[in-house]
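First comes the structure, then the notes that go with it.
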Amino acid sequence: MKDNKIPSPLVSLLPVFVLILLLFVTIRTFGSDALSGGSQVCLLVATAVCVLTGMAGFHRPWKDFELAITNNIAGVSTALIILLIIGALSGAWMVSGVVPTLIYYGIQVIHPHFFLVSTCIICAVVSVMTGSSWTTIATIGIALMGIGKAQGFSEGWIAGAIISGAYFGDKVSPLSDTTILASSVTDTPLFTHIRYLMITTVPSLVITLIIFTIAGLSHEATDTGHIAEYTRILSDKFHISWWLMIVPVVTAILIARKVPSIITLFVSTALATVFALIFQPGLLCEIAGQGAEGIAALFKGGMGMLYGGTQLETGNAEINELISTRGMAGMMNTIWLIICAMCFGGAMTAGGMLGSITSVFVRFTKKRVGMVSSTVASGLFLNLATADQYISIILTGNMFKDIYSANGYESKLLSRTTEDSVTVTSPLIPWNTCGMTQATILSVPTIVYLPYAFFNIISPLMSITIAILGYKIKKKAEQPGLS
């Protein structure tokens, strides 16, 4: 009888190989648009292969697969709600003038001798506030590329500074979908995950900033005209005011007081909406379009700002892209991808295939350092193999969740290691969706900026280093001092 028999690791890898092959073809065909539907179809096809293999080859009942898939999707339901709120928040923060004010003051700190380190810091601030490395790179990143080239810096150094800063925010921002995904897949509270991330992320960023500071001091620059143009356009389009900083300050206070993430994000969105009504009523009317006047225009514009994408005209294409927003509707591709990925993860679990693959890693995970190192290696391998950071985060989290639990470690260690190894290494791989996208946006080949993306290179190494030191790594219900 084959009933309840555990598939071998080789058989268990069959759906993964199918997924990798389909993703390879899909990404080659659709490029950066693969996440708009192609990758989701690949996940569902791989799920079907997994279910058919389990049912036909090992007599697994369909109800087991159905229950596992349902439980997986239910497990990320909170994350899906958070993503929708984040979509609304990103629109409210941009249109209210919060993000433009941060950019306005932040971009003026650029000095020829400190261009690289300033670039990294600016991109870090923008990506933390927007939660998106792609948006940061595609907007302010392009502007900084132009400034850097005018000042005589090589494109590899400039792109490395931009990507290092942008992925800092992508890694730690509560608005980032990868941050939310890593915490939800590992069953770690969002802000617990972010606070624990700082132990490896802050040292990585500090080392990165030191390197860029030293490199920048050896350079002479001449042109800062782009800065004046950007600040002028932003101040013409938005009411720039320090009062708008109340929104991020209140948000930071709520985060520090450990208020639940959904409540924090909702309050932040509501506060930003009120500030939009006070400081940017003209922009809300512009979003509402012709045919709406007075209070009706403000209401229509406010609603459009929250649920739909906004495209404000400034006369500058780069700034138009910078201040555009996606709203709640812009989160649907990510939500769709997560649901399909949860189907695949649930099928792999119910079929016993995930457990079979995980067993291969067990021999390397008896001790803390081996466990963390195996997670880092697995995350990097999946980034190489699946060419998608979202799928890699989900697979890494699911594969190691039981191992960390069995060894008595808190889930936040897994969530942190997953982010350290997956999120930041994705733009370093030429055929990964992130690598392809960033290379295309910046017009710099991945292999050219890779040696200068110091934050992305240092982060996984820092994760292993902290594991060796054992700093702030505790077992459940155990005192410090573990081996």
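The values are calculated or read from the model by the stated rules, or taken from the named source; none is laboratory data. Worth saying up front: this structure is predicted, and the values here are computed from it rather than measured. Note that each Cβ is placed from the backbone with ideal geometry, even for glycine, and that neighbours are counted across all protein chains shown. Quick note on the areas: whole protein, heavy atoms, side chains included, nothing else; ligands and nucleic acids left out. Shrake-Rupley method; radii C 1.70, N 1.55, O 1.52, S 1.80 Å.
Scalar couplings 3J(HN,Hα) for the range 72-79, obtained by applying the Karplus form with A = 6.51, B = -1.76, C = 1.60 to θ = phi - 60°, are 4, 5, 4, x, 10, 4, 4, 4 Hz; x denotes Gly and Pro. Averaged per residue, the range 392-446 has 23 square angstrom of accessible surface, using a 1.4 angstrom probe with ligands and nucleic acids left out. For the range 293-435, the pair-distance distribution built from all alpha carbon pairs, in bins 10 Å wide starting at 0, is 11, 29, 27, 15, 12, 5, 1 percent. Working from Cα pairs under 8 Å separated by at least six residues, relative contact order for the chain is 25 percent. Comparing 448, 255, 61 along the charge dipole axis of the chain, the residue lying farthest to the positive side is 61, per the Cβ-charge model.
The loop-placed GluC sites (Glu not before Pro) in the range 276-385, going by DSSP, that have at most 13 neighbouring Cβ atoms within 10 Å of their Cβ come out as 293, 313.
How large is the helix-only mean residue ellipticity at 222 nm for the chain, computed as the sum of -39500 (n - 2.57) over DSSP H runs with n ≥ 4, divided by its residue count, in deg cm²/dmol to the nearest 500? If you can, show how the numbers build up before the last one.
Working: 26 runs with 338 residues, N = 483.
After summing the helix terms and dividing by residue count, I get -22000 deg cm²/dmol.
Shown here is the pair-distance distribution of the range 75-328: with all Cα-Cα distances grouped in 5 Å bins from zero up to the longest one, the shares run 1, 6, 13, 17, 18, 16, 13, 9, 5, 2, 0, 0 percent. Based on protein heavy atoms only, the range 75-328 ends up with 37 Å² per residue of surface accessible to a 1.4 Å probe. Here the extension length gained between residue 44 and residue 218 equals 57.4 nm, from 0.36 nm per residue of separation less the Cα-Cα distance. Sequence-distant contacts, meaning Cα pairs under 8 Å at least 6 residues apart, place the relative contact order of the range 288-361 at 20 percent. Does anything in the range 389-404 have its amide N under 16 Å from the 7 Å Cα→Cβ label point of residue 6, and if so which residues? Only 399-404 fall inside the zone, counting backbone N under 16 Å. In the chain, the ratio of gyration radius to Kirkwood radius, Rg to Rh, stands at 0.98 when only Cα atoms are counted. To the nearest ten degrees, helix 246-256 and the longest principal axis of the Cα atoms of the chain are 30 degrees apart.
Comparing 399, 123, 18 along the charge dipole axis of the chain, the residue lying farthest to the positive side is 399, per the Cβ-charge model. Taking every alpha-carbon pair under 8 Å whose residues sit at least 6 apart, the range 75-328 reaches a relative contact order of 31 percent. Between 308, 292, 265, the Cα set farthest toward the positive side of the dipole of the range 258-344 (charges on each charged residue's Cβ, about the Cα centre) is that of 265. The alpha-carbon of residue 475 sits under 30 angstrom from the alpha-carbons of these lysines, leaving out residues fewer than 8 places away in its chain: 171, 258, 366, 367, 401, 412. Among the protein heavy atoms of the chain, carbon and sulfur supply 68% of the accessible surface, probe 1.4 Å, non-protein parts ignored.
Principal-axis analysis of the Cα atoms of the chain puts helix 454-469 at an angle of about 50° to the longest axis.
When the surface is traced with a 1.4 Å probe over the full set of protein chains, residue 373 keeps roughly 40 Å² accessible. Dipole magnitude for the chain: about 1660 debye, using +1 per Lys or Arg Cβ and -1 per Asp or Glu Cβ, origin at the Cα centre. For the chain, find the longest principal axis of its Cα atoms and tell me its angle to the long axis of helix 98-107, 0 to 90°, nearest 10. In the chain, helix 98-107 runs at an angle near 70 degrees to the longest axis. Whole-Hz Karplus values for the range 122-129 come out as 4, 5, 5, 5, 4, 5, 5, 6 Hz, taken residue by residue from phi with 6.51 cos²θ - 1.76 cosθ + 1.60 and θ = phi - 60°; glycine and proline positions read x.
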